[in-house]
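Report on one structure; see the data block that follows.
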Amino acid sequence: MKIARAIVGFAALLTLAAHLSAQTIPDGVQPARLPPALRGVGFDPQLNARLPLDVAFRNEDGRDVSLSAYFGQKPVVLVFVYYGCPMLCNQLEQGVVATLKTISFNPARDYQVVFVSFDPRESPDMASEKKQAAMSRFGRPETVAGWHFLTGSKDSIDELARAANFRFTYNQKTNLFAHASGILLLTPDGRISRYFFGVDFPPRDVRLGLVEASAGKIGTPADHVLLFCFQYDPSSARYSAAILRIVRVGGVLTFAAILVAILLFRRREGRAARAGKPGAESNLQGAR
C-alpha cells in the first residue's frame, strides 16, 4: 500500500510538472517555491536550435545507431520518454500515436518518429515492447520502418536533452523521474522547427508543423493555404489564426469580386447597346 500511494502521489507530481514546464514560469514565481521534486524540471525548446545528430544510441533491436540515421531526407517527430514510467509517458506515447493516426501522412514515407528514453538503465527489450504496442495501436504495419525506440548511455542522453532544453530529475526513493511532456518537430537537418506541450496534440497543428518542418515537401495545396491563414505562436506552442492575413486576403478577394462584377456589368451593357442599334435604325427609316 505504501508503494502504491507513493506511485500515485508522484504521478500527480509528474502531471503538475508537465503543466508547469509547458509554459514559462510567470514573473515573481521563484523555483524555490516549487515542490522539491519539480525543481530543475522543464522543457524550453528554442526554435531553430540544432540538435547533435552524431550522438550514439541503441535501437529496439539492440544495434548501435547514431541519431543521424533518422535524418537527412524527412522531418522527424522526437519524443523524450522513459519506458518504465507508470503514468505520464504512457499517456504521452498513446497521445502521439492517436494524433499521428488521424493524419494522412505516413511514417517512413513522409516523416520519422523517434522515441528516446532518458533512463540510461533501460534496455532495447523494453524499447522493443513499446514499439510493438505503438504499432498495434497505430494499425498501419507498412509504416514500421518509420518508428524508432532508442536507449542510450547517460552521456548521450544528457547531450541530446541539453540541446533540446529538456530537463528532468530522478527520485531515488520512488525510483521515478519527474519530467515534462511534449514533442519536437525537427527539420531533416536536425533543427527544432516546432514543439507542442502536453499529452494530447491537435492533429491540425501537428500536420501543419510537419508541412513546415519539411519545407513544403509534404502536404497538399490546402495545407499551404492553411499555413498562410494560421501562424505558429511559440509562446503557446500552437497554431492560431493570423487575423491580419485573413483580413488582407478578405480585402483582396472583395476588391477582386467587385472588379469582376463591374467588368461583367459593362460587358452586358455593351452587348445590349450593340443589339439595340439595328432596331433603332429601322424605326427611323419607317418614319421617313
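No value in this document is a laboratory result; all are computed from the given coordinates. From a predicted model like this one, the values you see are computed outputs, not experimental measurements. Counting neighbours? That spans all protein chains shown, and the Cβs are built from the backbone with ideal geometry, glycine included.
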Fill in the blank from the handout: Across 10 Å bins beginning at 0, the whole-percent shares of Cα-Cα pair distances in region 136-199 come to 14, 40, 35, 11, 0
Completion exercise
Quick shape summary for region 144-249, equivalent ellipsoid via Cα gyration tensor, semi-axes whole Å in descending order, reads 32, 17, 12
Practice task
For Lys217, list the aspartates and glutamates whose Cα falls under 18 Å from its own Cα; do not include residues on the same chain fewer than 8 positions away.
Solution key: Asp110, Asp189, Asp205
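Using the per-residue mean of other Cβ atoms lying within 10 Å as a proxy for protection, in what order, highest first, do the peptides 181-190, 125-134, 105-114 fall? Show your work: numbers first, answer last.
Details: 181-190: 22.0, 125-134: 17.4, 105-114: 19.5.
My ranking of the peptides, most packed first, is 181-190, 105-114, 125-134.
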Problem - Label-point gap, in nm, between Asn171 and Ala56 - each point 7 angstrom along Cα→Cβ - result: 3.4 nm
Handout entry: Virtual paramagnetic centre 7 Å along Cα→Cβ of Arg121, amide N under 19 Å, in region 132-154
Key = 150-154
Exercise for the section: Provide the descending list of Cα extents for region 97-175 along its principal axes, expressed in whole angstroms. Expected result: 41, 25, 19
Fill in the blank from the handout: When all Cα-Cα pair distances of region 65-219 are considered, the percent exceeding 27 Å is 16 percent
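May I have the convex hull volume per residue, in Å³, for the Cα set of region 79-122? Don't skip to the answer; put the middle values down first.
Values: hull volume 2.7 nm³, N = 44.
Considering the Cα atoms of region 79-122, their hull volume per residue is 62 Å³.
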Problem - Alpha-carbon radius of gyration plus Dmax, which is the widest Cα pair, for region 166-225 in Å - result: 15.8, 53
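How many Å³ per residue does the convex hull of the Cα positions in region 54-142 occupy? Mind showing how you got there, number by number?
Numbers: hull volume 8.6 nm³, N = 89.
Once divided by residue count, the hull of region 54-142 is 97 Å³.
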